[in-house]
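Okay, structure first, notes after.
The values are calculated or read from the model by the stated rules, or taken from the named source; none is laboratory data. These numbers were taken from a predicted model, which means no experiment stands behind them. Cβ placement follows ideal geometry from the backbone for every residue including glycine, while neighbour counts extend to all protein chains displayed.
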Amino acid sequence: MKNLSRRWTINLARQKVVPRDSARKMASQKNVLGSDLQSCCSDPMTGFYRDGFCRLGKSDYGLHLVCAVMTSGFLEFSVAAGNDLVTPVPEYGFDGLKPGDTWCLCVTRWKEALEAGVAPPVILEATHMSAIEFVSVDELQAHRVS
(Lines give C-alpha, C1' and ligand atoms only; values in the text may rest on other atoms or scores of the structure.)
Protein backbone atom coordinates (compact mmCIF):
# COMPACT_ATOMS: atom_id res chain seq x y z
CA MET A 1 0.00 0.00 0.00
CA LYS A 2 1.20 3.48 -0.82
CA ASN A 3 0.10 6.62 1.02
CA LEU A 4 -1.45 9.31 -1.20
CA SER A 5 -2.40 11.78 1.50
CA ARG A 6 -3.51 11.83 5.09
CA ARG A 7 -6.90 10.43 4.15
CA TRP A 8 -6.29 8.05 1.21
CA THR A 9 -4.17 4.95 0.54
CA ILE A 10 -3.67 3.11 -2.73
CA ASN A 11 -3.71 -0.67 -2.80
CA LEU A 12 -1.12 -1.35 -5.51
CA ALA A 13 -2.06 -5.02 -5.87
CA ARG A 14 -5.62 -4.12 -6.89
CA GLN A 15 -4.94 -0.65 -8.31
CA LYS A 16 -7.64 0.74 -6.08
CA VAL A 17 -7.72 3.88 -3.96
CA VAL A 18 -9.37 3.32 -0.60
CA PRO A 19 -9.93 5.56 2.42
CA ARG A 20 -6.96 5.30 4.78
CA ASP A 21 -9.22 4.29 7.69
CA SER A 22 -10.46 1.36 5.58
CA ALA A 23 -6.88 0.26 4.86
CA ARG A 24 -6.06 0.36 8.58
CA LYS A 25 -9.15 -1.64 9.48
CA MET A 26 -8.25 -4.27 6.87
CA ALA A 27 -4.77 -4.68 8.33
CA SER A 28 -6.21 -5.38 11.78
CA GLN A 29 -8.71 -8.04 10.67
CA LYS A 30 -7.66 -11.64 11.27
CA ASN A 31 -8.59 -14.95 9.71
CA VAL A 32 -9.58 -18.17 11.51
CA LEU A 33 -5.90 -19.19 11.58
CA GLY A 34 -5.00 -16.04 13.54
CA SER A 35 -3.01 -14.35 10.77
CA ASP A 36 -3.94 -11.32 8.64
CA LEU A 37 -7.14 -11.76 6.64
CA GLN A 38 -6.37 -12.47 2.99
CA SER A 39 -8.44 -11.45 -0.03
CA CYS A 40 -11.11 -13.98 -0.98
CA CYS A 41 -11.69 -13.01 -4.60
CA SER A 42 -11.72 -10.04 -6.94
CA ASP A 43 -13.19 -11.75 -10.01
CA PRO A 44 -16.03 -11.79 -9.32
CA MET A 45 -15.57 -9.02 -6.73
CA THR A 46 -16.85 -10.41 -3.47
CA GLY A 47 -17.44 -9.37 0.12
CA PHE A 48 -20.32 -7.40 1.55
CA TYR A 49 -18.31 -4.23 0.84
CA ARG A 50 -17.28 -5.50 -2.63
CA ASP A 51 -13.60 -5.09 -1.81
CA GLY A 52 -12.61 -8.76 -2.17
CA PHE A 53 -12.50 -9.45 1.58
CA CYS A 54 -14.84 -11.43 3.85
CA ARG A 55 -14.44 -8.81 6.54
CA LEU A 56 -16.47 -7.78 9.51
CA GLY A 57 -18.22 -4.41 9.37
CA LYS A 58 -21.00 -2.53 11.08
CA SER A 59 -23.31 -2.54 8.05
CA ASP A 60 -23.02 -6.26 7.26
CA TYR A 61 -25.90 -7.75 9.21
CA GLY A 62 -25.63 -10.98 7.19
CA LEU A 63 -22.03 -11.55 8.34
CA HIS A 64 -20.40 -12.45 5.00
CA LEU A 65 -17.38 -13.99 6.74
CA VAL A 66 -16.75 -17.35 5.05
CA CYS A 67 -14.65 -17.47 1.90
CA ALA A 68 -15.91 -20.49 -0.02
CA VAL A 69 -15.46 -22.10 -3.42
CA MET A 70 -18.86 -22.60 -4.99
CA THR A 71 -20.11 -26.08 -5.84
CA SER A 72 -23.20 -27.01 -7.82
CA GLY A 73 -24.64 -28.69 -4.72
CA PHE A 74 -24.25 -25.56 -2.61
CA LEU A 75 -25.59 -23.24 -5.33
CA GLU A 76 -28.69 -25.43 -5.75
CA PHE A 77 -29.13 -25.48 -1.96
CA SER A 78 -28.82 -21.70 -1.79
CA VAL A 79 -31.42 -21.15 -4.53
CA ALA A 80 -33.82 -23.53 -2.76
CA ALA A 81 -33.22 -21.63 0.51
CA GLY A 82 -34.22 -18.35 -1.16
CA ASN A 83 -30.81 -16.87 -1.98
CA ASP A 84 -30.30 -17.16 -5.74
CA LEU A 85 -26.58 -16.66 -6.34
CA VAL A 86 -26.78 -18.15 -9.84
CA THR A 87 -29.03 -15.76 -11.77
CA PRO A 88 -27.29 -12.65 -13.12
CA VAL A 89 -28.52 -9.28 -11.86
CA PRO A 90 -26.96 -6.83 -14.34
CA GLU A 91 -28.34 -3.71 -12.66
CA TYR A 92 -26.11 -4.54 -9.67
CA GLY A 93 -23.15 -5.64 -11.76
CA PHE A 94 -23.66 -9.25 -10.65
CA ASP A 95 -23.05 -11.89 -13.32
CA GLY A 96 -24.23 -14.82 -11.20
CA LEU A 97 -21.99 -17.47 -9.69
CA LYS A 98 -20.99 -20.84 -11.10
CA PRO A 99 -19.18 -23.82 -9.62
CA GLY A 100 -15.53 -22.94 -9.00
CA ASP A 101 -16.18 -19.24 -8.27
CA THR A 102 -14.99 -17.97 -4.89
CA TRP A 103 -17.44 -15.92 -2.81
CA CYS A 104 -17.93 -14.54 0.70
CA LEU A 105 -20.87 -16.37 2.25
CA CYS A 106 -23.00 -15.51 5.24
CA VAL A 107 -21.67 -17.66 8.03
CA THR A 108 -25.18 -18.81 8.98
CA ARG A 109 -25.88 -19.93 5.39
CA TRP A 110 -22.60 -21.89 5.38
CA LYS A 111 -23.65 -23.51 8.68
CA GLU A 112 -27.08 -24.41 7.22
CA ALA A 113 -25.33 -25.95 4.22
CA LEU A 114 -23.03 -27.87 6.58
CA GLU A 115 -26.03 -29.30 8.40
CA ALA A 116 -27.61 -30.22 5.04
CA GLY A 117 -24.41 -31.95 3.89
CA VAL A 118 -23.62 -29.49 1.06
CA ALA A 119 -21.15 -27.06 2.66
CA PRO A 120 -18.74 -25.76 0.02
CA PRO A 121 -14.96 -25.87 0.51
CA VAL A 122 -13.49 -22.99 2.54
CA ILE A 123 -10.36 -20.89 2.12
CA LEU A 124 -9.31 -20.51 5.75
CA GLU A 125 -6.79 -17.72 5.11
CA ALA A 126 -9.62 -15.55 3.73
CA THR A 127 -12.31 -16.57 6.27
CA HIS A 128 -12.80 -14.02 9.04
CA MET A 129 -12.02 -15.11 12.59
CA SER A 130 -15.54 -14.14 13.76
CA ALA A 131 -16.90 -17.14 11.82
CA ILE A 132 -15.81 -19.36 14.73
CA GLU A 133 -18.54 -17.78 16.84
CA PHE A 134 -20.99 -19.79 14.69
CA VAL A 135 -19.05 -22.84 13.46
CA SER A 136 -16.05 -24.59 14.93
CA VAL A 137 -12.54 -24.37 13.56
CA ASP A 138 -12.68 -28.17 13.19
CA GLU A 139 -15.78 -27.88 10.95
CA LEU A 140 -14.06 -25.28 8.82
CA GLN A 141 -10.82 -27.29 8.72
CA ALA A 142 -12.76 -30.36 7.56
CA HIS A 143 -13.91 -28.32 4.53
CA ARG A 144 -10.59 -26.60 3.87
CA VAL A 145 -9.53 -26.12 0.25
CA SER A 146 -6.51 -28.34 -0.21
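Some values worked out for this structure:
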read-out: Wholly enclosed strands (runs of 3 or more DSSP E) of the range 1-107 bearing at least 2 residues modelled with pLDDT of 95 or more; value: 64-69, 102-106
read-out: Residue count, the range 113-129 (criterion: farther than 14 Å from residue 71 by Cβ and crowded, with 17+ Cβ neighbours inside 10 Å); value: 6
